[in-house]
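> Submitted below is the structure of interest, expressed as structure tokens.
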Amino acid sequence: EKAGYASFMLKEIAEQPKAVADTLLGRIDGSGALSLDEVRIPPQVLREVDKVVVVACGTAYHAGLIAKYAIEHWTRIPCEVELASEFRYRDPILDQQTLVVAISQSGETMDTLMALRHAREQGARVLAICNTNGSTIPRESDAVLYTHAGPEVAVASTKAFLTQLVACYLVALYLGQVRGTKYGDEIGDVVRDLSGISGAVEQVLGTMDPVRELARSLAHKKTVLFLGRHVGHPVALEGALKLKELAYMHAEGFAAGELKHGPIALIEEDLPVVVVVPSPRGRSILHDKIVSNIQEIRARGARTIVIAEEGDEAVVPYADHLVRIPATPTLLQPLVATVPLQVFACELATARGNEVDQPRNLAKSVTVE
Ligand code: F6R
């Protein structure tokens, strides 16, 4: 039941620190190494993988887009991510050395199921990342890594998304560990950072009042844009999807670097634009580029809503609204940056009088193609 929350969605947003912690539980041993014996694909087979292909739909697809950055960085194995509904109609190139990762909360999404069947027919190994024990997708896969988000009732996915990200990071790090890559040391550090991430999500949840207030003040708007770079790009796509499905508003996510190739023409006076800013530490080039993007859109009248790490002072002069998130390594930032976008969409939808748990025209699990 809703346990005192006004909606399942609010409850599920609040449950995210626990969902994240539960998904990590038992998967990191005392020495900080990953122990994913439950993934019953022999290490020998994983060492021979020469391509990873992620297939998923909707929010799970956004998790896959983020997984690509992690997998390619930590394993140096080429990774493609494809919408499950497009995948098999393209005659994709697959063989025994291909690892297909199928991500699905419900485990019953027909598009994803058909994609994995197609992959197995071509001889590829399929690893499912799934939240529902014993559902069809893990049953038909070679191996499964369960997310432990607990039942997700609200149609719009929130806690399942965060746990899909955790599972994707675990798979990427595990592949890196099994294969031994030049990022071996980094892997140990990231595993430690991952262990602290549930607390960081909790911290974000404790600072959401201004985001709610902002969302209510924008309830009359027609359009909201979302910008990001690197892993912030899929986060922007996810923020836009949440707003479409819950608030029934026109929302679009863009790669900030693409702005000047077209979308900047959309910017007009007082248009709300949410910008996900990468950490100024780490790959600081990304950060500097996005600060100039914020300047560009603000000069054209956009109302900038900036999601930036604590201590990032460079964004302050250009942020009409500033949302602070805790410092994390670049690749893990989606785990904290997505949370304000979920809260924003949920509150905005509520202010518009929408039923957030059951958005119009949508079903929790899409069992038709
Ligand atoms: C968005 C949403 C959908 C699902 C998609 C895949 O909030 O819930 O986009 O993410 O239908 O569903 P699963 O993960 O069950 O395969």
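The values are calculated or read from the model by the stated rules, or taken from the named source; none is laboratory data. Note that the structure is a prediction, hence the values are computed from the model and not measured. With ideal geometry, Cβ positions are generated from the backbone for all residues, glycine too; neighbour counts draw on all protein chains shown. Side chains are part of the model used for accessible areas, which takes the heavy atoms of the whole protein and leaves out ligands, DNA and RNA. Shrake-Rupley method; radii C 1.70, N 1.55, O 1.52, S 1.80 Å.
> Return the pairs, sorted by first residue and then second, in which the second residue is of a type in the set (Phe, Trp, Tyr) and outside any helix (DSSP H, G or I), the first residue lies in the stretch 45-64 and is more than 16 Å from Ala156 (Cβ to Cβ) and within 16 Å of the ligand (Cβ to nearest atom), the beta carbons are less than 6 Å apart, and the residues are 6+ apart or on different chains.
Matching pairs, first to second residue: none at all.
> Note down all Cβ pairs under 6 Å where the first residue falls in the stretch 272-283 and is within 17 Å of Leu335 (Cβ to Cβ) and open to solvent by less than 10 Å² (accessible area, probe 1.4 Å), the second is acidic (Asp, Glu) and assigned to a strand (DSSP E or B), and they're at least six residues apart or on different chains.
Sorted first by the residue in the stretch 272-283, then by its partner, the pairs are Ser279/Glu309.
> When you check Val52 against the structure, is it of a type in the set (A, V, I, L, M, F, W, C), within 30 Å of Lys242 (Cα to Cα) and not in a loop (DSSP other than H, G, I, E, B), yes or no?
Yes, satisfied.
> Name the single residue that is modelled with the lowest pLDDT among those in the stretch 150-170 being among the aliphatic types (A, V, I, L, M) and open to solvent by less than 10 Å² (accessible area, probe 1.4 Å).
Going through the qualifying residues, I end up with Ala154.
> Next question. Pairs please, first residue from the stretch 289-304 and under 12 Å from Val316 (Cβ atoms) and at pLDDT 95 or above, second anywhere and hydroxyl-bearing (Ser, Thr, Tyr) and outside any helix (DSSP H, G or I), Cβ atoms under 7 Å, 6+ apart in sequence or on different chains.
Hits for this filter: Ile294/Thr304.
> While we're here: What's the total number of residues in the stretch 21-63 that are within 18 Å of the chain's Cα centre (by Cα), under 19 Å from Thr75 (Cα atoms) and of a type in the set (Gly, Ala, Ser)?
1
> Let me ask you something else. Under the condition of being more than 25 Å from Phe226 (Cα to Cα) and either touching an Asp or Glu at 6+ places or on another chain (Cβ under 8 Å) or of a type in the set (Asp, Glu) (or both), which residue from the stretch 345-369 is least open to solvent (accessible area, probe 1.4 Å)?
Within the stretch 345-369, the match that is least open to solvent (accessible area, probe 1.4 Å) is Ser365.
> Quickly run through the stretch 213-246 and pick out the residues that are open to solvent by less than 10 Å² (accessible area, probe 1.4 Å), among the β-branched types (Val, Ile, Thr) and in a strand (DSSP E or B).
Val224
> Only one of (1) closer than 30 Å to Glu369 by Cα; (2) more than 16 Å from the ligand (Cβ to nearest atom) fails for Leu24. Which number is that?
Result: Leu24 fails condition (1) only.
> Taking the conditions exactly as written (modelled with pLDDT under 95 and more than 10 Å from the ligand (Cβ to nearest atom)), does Arg90 satisfy them or not?
yes
> Conditions first: (1) within 16 Å of the ligand (Cβ to nearest atom); (2) in a helix (DSSP H, G or I). Asp189 passes all but one, so which condition is the exception?
(1)
> Evaluate the following for Glu313: is it open to solvent by less than 30 Å² (accessible area, probe 1.4 Å) and either without any contact (Cβ under 8 Å) to a residue 40 or more places away in the chain or under 22 Å from the mean Cα position of the chain (by Cα) (or both)?
When the stated conditions are applied, Glu313 does not pass them.
> Does Ala70 qualify as being crowded, with 16+ Cβ neighbours inside 10 Å and under 20 Å from Arg120 (Cβ atoms)?
Taking the combined requirement at face value, the residue does not satisfy it.
> Would you tally the residues in the stretch 250-279 being within 24 Å of Val343 (Cβ to Cβ) and touching a Gly at 6+ places or on another chain (Cβ under 9 Å)?
Number satisfying all stated conditions: 12.
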